[in-house]
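The values are calculated or read from the model by the stated rules, or taken from the named source; none is laboratory data. Predicted model only: the values in this text are computed from it and were never measured. FYI the Cβ positions are ideal-geometry reconstructions off the backbone, even for glycines, and counts take in every protein chain you see.
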Amino acid sequence: MTILVVGGAGYIGSHMVKMLLGRGYGVTTLDNLSTGYRDAVLGGEFIHGDLADRTLLDKVFSEHRIDGVMHFASFIQVGESVQNPAKYYENNVVNTLNLLNAMVAHDVKRFIFSSSAAVYGEPIRVPIDETHPKNPINPYGRSKWIVEQILADYDRAHALKSVCLRYFNAAGADPDGQLGERHEPETHLIPLVLQAASGRRESVQVFGRDYDTPDGTCIRDYVHVTDLCEAHLLAMDRLLKGGSSAAFNLGNGNGFSVQEMIDTACKVTDKDIQVNDAPRREGDPARLVADATLARKELSWNPCYDELETIVRHAWQWEIAGSR
Ligand code: UFG
């Protein structure tokens with residue numbers, strides 16, 4: 001069984017490649033290395049290339065027997081997507097369409113898509129289940145929702161079966177310490193807090209303490225990257241067994257505030273972390289928490305690393321290895 005992992009040199013994709021190899025799958029990674037790292041791809045075949053290159057895509061599918069595709073290659077910065085929507089629609093939508101068209105042309109019919117809680121926009125009810133209205137509030141979220149709708153059309157037209165996995169806050173790192181988060185620039189809370197703990201950064205900012213939450217800081221549902229990858233395997237398994245297309249939330253159903261995250265990081269690292277209060281960041285909902293009952297039921301997904309301390313500990317292991 002060979003899986004094409006697009007974006008396999010990135011944060012989540014690289015963990016996926018490692019897991020697939022460990023479970024005996026053949027893996028071909030396609031990545032343009034615009035935000036990923038070649039050394040994060042721990043095995044299998046690596047192809048350096050871009051989804052904008054349709055000739056290359058045709059070649060990849062002609063020369064490999066691919067049983068399914070997992071697509072992680074997208075831009076993920078919400079703020080940047082507001083400033084530069086073209087960058088997001090070109091990569092996250094148009095390039096994804098190139099990939100889907102190449103799949104259809106070569107009769108590859110199983111697709112796992114990295115979607116996001118951003119498809120829901122500002123929640124009207126929390127926890128959020130999959131039936132919650134989809135009202136993305138920025139081009140990043142819209143790009144994900146557009147692809148989900150394209151996938152529904154491609155199922156009807158071409159019987160291309162897909163599972164859209166709507167991640168809440170992907171976090172943590174490989175429990176073995178071989179892989180972790182390496183975004184440049186880093187915008188995510190956990191790595192920033194841990195960089196402040198290790199001394200790679202002077203301090204961390206808290207974006208807003210005046211939200212309608214118990215301590216005034218935003219609440220998020222952090223889900224371990226290894227648990228996310230496990231869900232991808234289960235989703236691919238569903239399609240390999242002939243299951244129907246679907247969309248699932250991936251989160252633990254537990255919300256933690258920014259302040260709780262900082263407190264947990266202080267405890268795990270045993271360091272003082274300098275914190276500065278800053279204004280709210282535009283477009284941040286007060287609370288995003290998943291109802292992931294459907295993934296648990298239909299995929300038998302059972303996250304192993306659902307404790308915040310474990311998530312932070314694994315991320316810390318990676319941070320201290322990198323800052324040594
Ligand atoms: N935060 C801070 N200080 C920082 C960074 C973040 O206080 O320096 C806060 C944010 O305001 C937010 C929380 O920490 O309340 C989490 O922020 P992240 O940037 O780590 O994550 P987001 O919830 O903004 O974003 C995540 C994914 C996005 C995706 C979004 C979907 O990273 O790709 O969830 O809702 F779009």
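Filter region 284-324 down to residues that are closer than 19 Å to residue 192 by Cα and of a type in the set (Gly, Ala, Ser) and give me whichever is modelled with the lowest pLDDT. Steps first, answer last, please.
Step one: of region 284-324, the residues closer than 19 Å to residue 192 by Cα are 284, 308-324.
Checking the rest, the ones that are also of a type in the set (Gly, Ala, Ser) come to 315, 321-323.
Working: 315: 98, 321: 93, 322: 85, 323: 64.
Of everything passing the filter in region 284-324, 323 is modelled with the lowest pLDDT.
Report every pair of residues separated by at least 6 positions or lying on different chains whose Cβ atoms are under 8 Å apart, first residue within region 166-189 and more than 29 Å from residue 134 (Cα to Cα), second within 12 Å of the ligand (Cβ to nearest atom) and in a loop (DSSP other than H, G, I, E, B).
Short answer, once both residue conditions are applied: 173/181.
Of all residues in region 95-124 being away from the ligand (no atom under 15 Å from the Cβ) and of a type in the set (S, T, N, Q), which is surrounded by the fewest Cβ atoms within 10 Å (Cβ to Cβ)?
Looking at the filtered set, the residue picked out is 101.
Kindly provide the set of residues from region 280-321 that are acidic (Asp, Glu) and in contact with a Leu (Cβ under 6 Å, 6 or more places away or on another chain), ordered by number. Quick ask: steps written out before the conclusion?
Taking region 280-321 first, the residues acidic (Asp, Glu) are 282, 284, 291, 298, 306-307, 309, 319.
319, the sole residue that qualifies.
Just checking, which of 277, 272, 237, 227 is more than 29 Å from residue 154 (Cβ to Cβ) and more than 11 Å from the ligand (Cβ to nearest atom)? Quick ask: steps written out before the conclusion?
On the way: 277 fails: more than 11 Å from the ligand (Cβ to nearest atom); 237 fails: more than 29 Å from residue 154 (Cβ to Cβ); 227 fails: more than 29 Å from residue 154 (Cβ to Cβ).
Residue meeting the stated conditions: 272.
Conditions tested, residue by residue: (1) over 23 Å from residue 79 (Cα atoms); (2) free of Cβ contacts under 8 Å to residues at least 60 places away in the same chain; (3) in contact with a strand residue (DSSP E or B) (Cβ under 6 Å, 6 or more places away or on another chain).
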residue: 211; (1), (2), (3): no, no, no
residue: 226; (1), (2), (3): yes, no, no
residue: 246; (1), (2), (3): yes, no, yes
residue: 254; (1), (2), (3): yes, yes, no
residue: 259; (1), (2), (3): no, yes, no
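Could you grab me the full set of residues in region 178-189 that are of a type in the set (A, V, I, L, M, F, W, C) and more than 10 Å from the ligand (Cβ to nearest atom)?
Step one: filter region 178-189 for residues of a type in the set (A, V, I, L, M, F, W, C), giving 179, 189.
Within region 178-189, 179 is the sole residue that qualifies.
Given the conditions (1) of a type in the set (A, V, I, L, M); (2) outside any helix (DSSP H, G or I); (3) farther than 22 Å from residue 293 by Cβ; (4) within 9 Å of the ligand (Cβ to nearest atom), report the number of the one that residue 192 does not fulfil.
All conditions pass for residue 192, except number (2).
I'm trying to understand the selection: among the residues of region 282-304, which are touching a helix residue (DSSP H, G or I) at 6+ places or on another chain (Cβ under 9 Å) and surrounded by fewer than 14 Cβ atoms within 10 Å (Cβ to Cβ)?
Of everything in region 282-304, those that are touching a helix residue (DSSP H, G or I) at 6+ places or on another chain (Cβ under 9 Å) and surrounded by fewer than 14 Cβ atoms within 10 Å (Cβ to Cβ) turn out to be 282, 300, 302, 304.
Can you tell me which residues in region 197-214 are more than 14 Å from residue 317 (Cα to Cα), surrounded by 19 or more Cβ atoms within 10 Å (Cβ to Cβ) and more than 7 Å from the ligand (Cβ to nearest atom)? Break it down into steps so the answer makes sense when it comes.
Of region 197-214, the ones more than 14 Å from residue 317 (Cα to Cα) are 199-214.
Next, from what is left, pick out any that are surrounded by 19 or more Cβ atoms within 10 Å (Cβ to Cβ): 204, 206, 211.
Across region 197-214, the qualifying residue is only 211.
Yes or no: residue 92 within 16 Å of the ligand (Cβ to nearest atom), at pLDDT 95 or above, assigned by TED's automatic domain parsing to the domain that holds residue 158 and crowded, with 18+ Cβ neighbours inside 10 Å?
yes
I'd like to verify a number: residues in region 28-59 that are surrounded by 23 or more Cβ atoms within 10 Å (Cβ to Cβ) and among the β-branched types (Val, Ile, Thr), how many?
Qualifying residue count, region 28-59: 2.
What number of residues in region 157-177 are away from the ligand (no atom under 16 Å from the Cβ) and out of contact with any His (no Cβ under 9 Å at 6 or more places or on another chain)?
Taking region 157-177 and keeping what is away from the ligand (no atom under 16 Å from the Cβ), we get 157-163, 174-177.
Still in the running and out of contact with any His (no Cβ under 9 Å at 6 or more places or on another chain): 157-162, 176.
Within region 157-177, residues that are away from the ligand (no atom under 16 Å from the Cβ) and out of contact with any His (no Cβ under 9 Å at 6 or more places or on another chain) number 7.
Can you tell me how many residues within region 125-159 are crowded, with 18+ Cβ neighbours inside 10 Å and among the polar types (S, T, N, Q)?
2
Does residue 154 meet the test of being away from the ligand (no atom under 15 Å from the Cβ), aromatic (Phe, Trp, Tyr) and in a helix (DSSP H, G or I)? Write out each step before concluding.
Details: away from the ligand (no atom under 15 Å from the Cβ): yes; aromatic (Phe, Trp, Tyr): yes; in a helix (DSSP H, G or I): yes.
Yes, satisfied.
What are the residues in region 215-236 that are small (Gly, Ala, Ser) and surrounded by fewer than 20 Cβ atoms within 10 Å (Cβ to Cβ), if any? Full working, then the answer.
Let us first name the residues in region 215-236 that are small (Gly, Ala, Ser), namely 216, 231, 235.
The answer is 216, and nothing else.
Criterion first (at pLDDT 95 or above, part of a strand (DSSP E or B) and touching a Leu at 6+ places or on another chain (Cβ under 7 Å)) does residue 3 satisfy it?
Yes: the conditions hold for residue 3.
Of (1) buried (at least 22 other Cβ atoms within 10 Å of the Cβ); (2) of a type in the set (D, E, K, R); (3) in a loop (DSSP other than H, G, I, E, B), residue 176 satisfies all except one. Which?
Only one criterion is unmet by residue 176, namely (1).
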